[in-house]
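Pasting a structure here, questions to come.
The values are calculated or read from the model by the stated rules, or taken from the named source; none is laboratory data. Note that the coordinates shown come from a computational prediction; the quantities given were computed from them, not determined experimentally. Virtual Cβ from ideal backbone geometry, glycine too; neighbours counted across all protein chains shown.
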Ligand SMILES: CC(C)(COP(=O)(O)OP(=O)(O)OC[C@H]1O[C@@H](n2cnc3c(N)ncnc32)[C@H](O)[C@@H]1OP(=O)(O)O)[C@@H](O)C(=O)NCCC(=O)NCCS
């Protein structure tokens, strides 16, 4: 299964046309969302999406109070090569950015992963779908383990990581580290997996 993932990731042709292609997924409450690789040109969308996040979600994502993203943070978050640094962006059907799932390679076979979902879309299964889709792409690029840091009271993120088989450690009172082995079982029931892989591949090959 991993071999198929790698093959699709490395052989799909680059997409043609200026509008980024998306894959539509349906959440537990039946709302449709559109998923596509985040691109270097998505700086404005990132600012806009961040603006609509609650203070609590910003805090959970950046592990400290964060009123806005600095210029250097925005540069870092959009400096994406789609292989060592990859992110899925999710938008609602009206085009509003609602979620980002990102990994950044930290070693030959490890990456730090992080998730940000607009509060209005929490608890509908989007976090799990994003974790599945992100793990699949990372595994196809030779990453075998995700590391994630979360605040100790982030029960939903801890639950998601646990669902993926995480091993946890608590380096200090405030945060928890989770390590997840990226096994194909994680994304085995991800809908439209092949189409998502083709989008990820096209993004990498368009670089
Ligand atoms: C953490 C986050 C990504 C989760 O996304 P989500 O779309 O709400 O996740 P899902 O709906 O797929 O799943 C949430 C799971 O947590 C469970 N959950 C929610 N609250 C919980 C709690 N208090 N205790 C235990 N489990 C809980 C839900 O039941 C659900 O599990 P299930 O799908 O097995 O029923 C999202 O809340 C978020 O973006 N938070 C702000 C940023 C953040 O915390 N990022 C993480 C930093 S790595």
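Given the residues 172, 153, which is the only one that is without any contact (Cβ under 8 Å) to a residue 40 or more places away in the chain, assigned to a loop (DSSP other than H, G, I, E, B) and within 14 Å of the ligand (Cβ to nearest atom)? Please lay out each step first, then the result.
Details: 172 fails: within 14 Å of the ligand (Cβ to nearest atom).
Exactly one residue qualifies, and that residue is 153.
If we keep just the residues of region 2-32 that are touching a strand residue (DSSP E or B) at 6+ places or on another chain (Cβ under 6 Å) and assigned to a loop (DSSP other than H, G, I, E, B), which is modelled with the lowest pLDDT? Give the steps one after another, and end with the answer.
Taking region 2-32 and keeping what is touching a strand residue (DSSP E or B) at 6+ places or on another chain (Cβ under 6 Å), we get 20, 22-26, 32.
From what is left, the residues that are assigned to a loop (DSSP other than H, G, I, E, B) are 20, 22.
Numbers: 20: 64, 22: 95.
Among them, the one singled out is 20.
Let me ask something additional. Out of all the residues in region 116-130, which are in contact with a helix residue (DSSP H, G or I) (Cβ under 7 Å, 6 or more places away or on another chain), part of a helix (DSSP H, G or I) and within 20 Å of residue 23 (Cβ to Cβ)?
Scanning region 116-130 gives 127, 128.
Can you give me the number of residues within region 117-150 that are on the phi > 0 side of the Ramachandran plot and more than 8 Å from the ligand (Cβ to nearest atom)? It would help to see each step written out before you state the result.
Kept after step one, since they are on the phi > 0 side of the Ramachandran plot, are these residues of region 117-150: 123, 125, 142.
Still in the running and more than 8 Å from the ligand (Cβ to nearest atom): 142.
Number of matching residues: 1.
Per-residue answers, yes or no, for (1) touching a helix residue (DSSP H, G or I) at 6+ places or on another chain (Cβ under 6 Å); (2) away from the ligand (no atom under 12 Å from the Cβ); (3) assigned to a strand (DSSP E or B):
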position: 69; (1), (2), (3): yes, yes, no
position: 73; (1), (2), (3): no, yes, no
position: 83; (1), (2), (3): yes, yes, no
position: 86; (1), (2), (3): yes, yes, yes
position: 94; (1), (2), (3): no, yes, no
position: 101; (1), (2), (3): yes, no, yes
position: 114; (1), (2), (3): no, no, yes
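Out of the residues in region 34-46 meeting the condition of being out of contact with any helix residue (DSSP H, G or I) (no Cβ under 7 Å at 6 or more places or on another chain) and part of a helix (DSSP H, G or I), tell me which one is farthest from residue 9 (Cα to Cα).
So, considering only residues that are out of contact with any helix residue (DSSP H, G or I) (no Cβ under 7 Å at 6 or more places or on another chain) and part of a helix (DSSP H, G or I), the one farthest from residue 9 (Cα to Cα) is 44.
Sticking with this structure for a sec: Considering only region 189-199, how many residues are touching a helix residue (DSSP H, G or I) at 6+ places or on another chain (Cβ under 7 Å) and surrounded by fewer than 15 Cβ atoms within 10 Å (Cβ to Cβ)?
The first filter runs over region 189-199 and keeps only residues touching a helix residue (DSSP H, G or I) at 6+ places or on another chain (Cβ under 7 Å), leaving 190, 193-194, 196-198.
Filter again for surrounded by fewer than 15 Cβ atoms within 10 Å (Cβ to Cβ), leaving 194.
Qualifying residue count, region 189-199: 1.
Give the residue, chosen from 133, 178, 202, that is assigned to a strand (DSSP E or B) and surrounded by 14 or more Cβ atoms within 10 Å (Cβ to Cβ). Break it down stepwise before answering.
Working: 133 fails: assigned to a strand (DSSP E or B); 202 fails: assigned to a strand (DSSP E or B).
Of the residues listed, the single one that is assigned to a strand (DSSP E or B) and surrounded by 14 or more Cβ atoms within 10 Å (Cβ to Cβ) is 178.
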